[in-house]
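Worksheet for the structure shown next.
Every read-out reported here was derived from the displayed coordinates using simple, explicitly stated rules and does not represent laboratory data. Just so you know, these numbers come straight off a predicted model, no measurement behind them. Please note: Cβ atoms are built from the backbone with ideal geometry, for glycine as well, and neighbour counts cover all protein chains shown.
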Amino acid sequence: MAIKQPETLNPFAEAVAQFDAAAERLKLSPELRAILRAPKRELTVNFPVRMDDGRVEMFTGYRVQHNINRGPAKGGIRYDANVSIDEVRALAMWMTWKCAVVNIPFGGAKGGVIVDPRQLSRGELERLTRRYATEIAGVIGPESDIPAPDVNTNPQIMAWIMDTYSMHKGYSVPAVVTGKPLSIGGSEGRMEATGRGVYVVTREACKALGIEMKGASVVVQGFGNVGSVTARLMHEAGCRVIALSDVYGAIHNPDGIDVKLALRFVQEHGTLKGLPGATPIDGKEALELPCDILIPAATEGQITEQNAHRIKAKLVVEAANGPTTTEADAILHARGIAVIPDILANAGGVTVSYFEWVQDLQHFFWAEDEINLRLESVMTRSFAAVQAKRDLENCDYRLAAYLLAVARVAEATQVRGIYP
Ligand code: GLU
């Protein structure tokens, strides 16, 4: 068999393989498997944006709704040069299972625009966002499909989407997106939610696996919204964060990095590169360092069959979506390395998005303590359910999470029946 190169990995094929493993174990009928495999709705948009120098450039974007049987479609929008329809399909499918595993009443969706936002001015970014929002306005809405931030998107971009949608309606529709700034109906705790959820799940997994959090060595790949918050919370919990990485490379200090200092440094310099007291290393090398806990918090396809046998962590917690390929997953499992899957590990983000949407619809806002308490309760309860399933089925965490999630979506699909 030819060895697949990461750049030729098809994330949707990976997502379908994960689903198929669960469908097989659940003995779902071939009809039901066919329904759940297929993305329900896929929109491709090609649109022009006027650049600062007066030129008009064409961009391509997508919005995919995988399944909406349990509620409105939910999922982020990413801006990245590597966005493809298969990536967006995979991410939409993962959102379906993610919402189901934490039992919030949403289906799964994802959007993306093929663009490197670092190459755009603020004005270009705003015009691209407003035009993309207009192009997908027919399929999004507070009752139908609610976008949120993802890779390279942020509260400001959500504000532009909310404003564009609202301008077309003629009144404000805060519930059309989540992850908005607080001043226009965003939720306390949303910025931190994904990282906080990763931390809670890691803490619960450590308890279950007998890993002492205090002093545990941790490597975090990615220092965006998810990786940076996760690293800070792990640091505050007494872990030794020995390596961090961003798109420019990684830094290493076996005695532990001061994550708060790293956060300040990144704010000033835009990168971790050059952080005093840490040695620069290759980004890939960071994944292979001996450590207790490895947290990939960047993008898909980072742990593959090429490096899986060199991973030395006891526990891998998938803060990113789809960081481990199917082959790598099997290698890690065979080597006795526990993997907490993305659909559980990073579900804190969409959980607080759900709280934000509920608050917007009720025009009634909760305090940060209450948000964090509710998030904590959803994440611990969901972890416990997955742990119990894993023990019962004698399988890995990923299959256990999929068994719970897929069964919920299958049940909703079956009870609703086939129309007409
Ligand atoms: N983009 C995040 C995710 O992948 C959050 C999605 C949301 O809040 O809707 O889970």
Ranked output for segments 113-120, 50-57 by mean other Cβ atoms within 10 Å, highest leading, reads 113-120, 50-57
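Pairs of Cα atoms under 8 Å, at least six residues apart: use those to get the relative contact order of the range 65-222, whole percent.
On the way: 237 pairs, mean separation 32.5, N = 158.
With pairs under 8 Å counted, the relative contact order is 21 percent.
For a 27 Å ceiling on Cα separation, which of these pairs sit above it: LYS207/LYS273; LYS207/LYS312; LYS180/LYS312; LYS27/LYS284; LYS260/LYS314?
Details: LYS207/LYS273 34 Å; LYS207/LYS312 20 Å; LYS180/LYS312 38 Å; LYS27/LYS284 39 Å; LYS260/LYS314 25 Å.
The answer is LYS207/LYS273; LYS180/LYS312; LYS27/LYS284.
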Over the Cα atoms of the range 200-318, what is the Rg over Rh ratio if Rh follows Kirkwood? 0.93
Show me the helices of the chain, taken as full DSSP H stretches, that run 30 Å or more along their long axis by Cα and average -1.0 or above in Kyte-Doolittle hydropathy. 368-393
Let me have the relative contact order for the chain, percent, based on Cα pairs under 8 Å that are six or more residues apart. 16 percent
Which one, VAL177, VAL406, VAL358, has the greatest fluctuation when you compute a Gaussian network model over the chain with C-alpha springs under 10 angstrom? VAL358
Relative frequency of Cα-Cα separations exceeding 36 Å in the chain, percent: 21 percent
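Using just the helices of the chain, give the 222 nm mean residue ellipticity in deg cm²/dmol: DSSP H runs with n ≥ 4 each add -39,500 (n - 2.57), and the total is spread over all residues, rounded to 500. Don't skip to the answer; put the middle values down first.
Numbers: 14 runs with 191 residues, N = 420.
Calculated from helices alone, the mean residue ellipticity at 222 nm is -14500 deg cm²/dmol.
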Return the whole-Å distance between the Cα centroid of the range 212-227 and the Cα centroid of the range 10-46. 31 Å
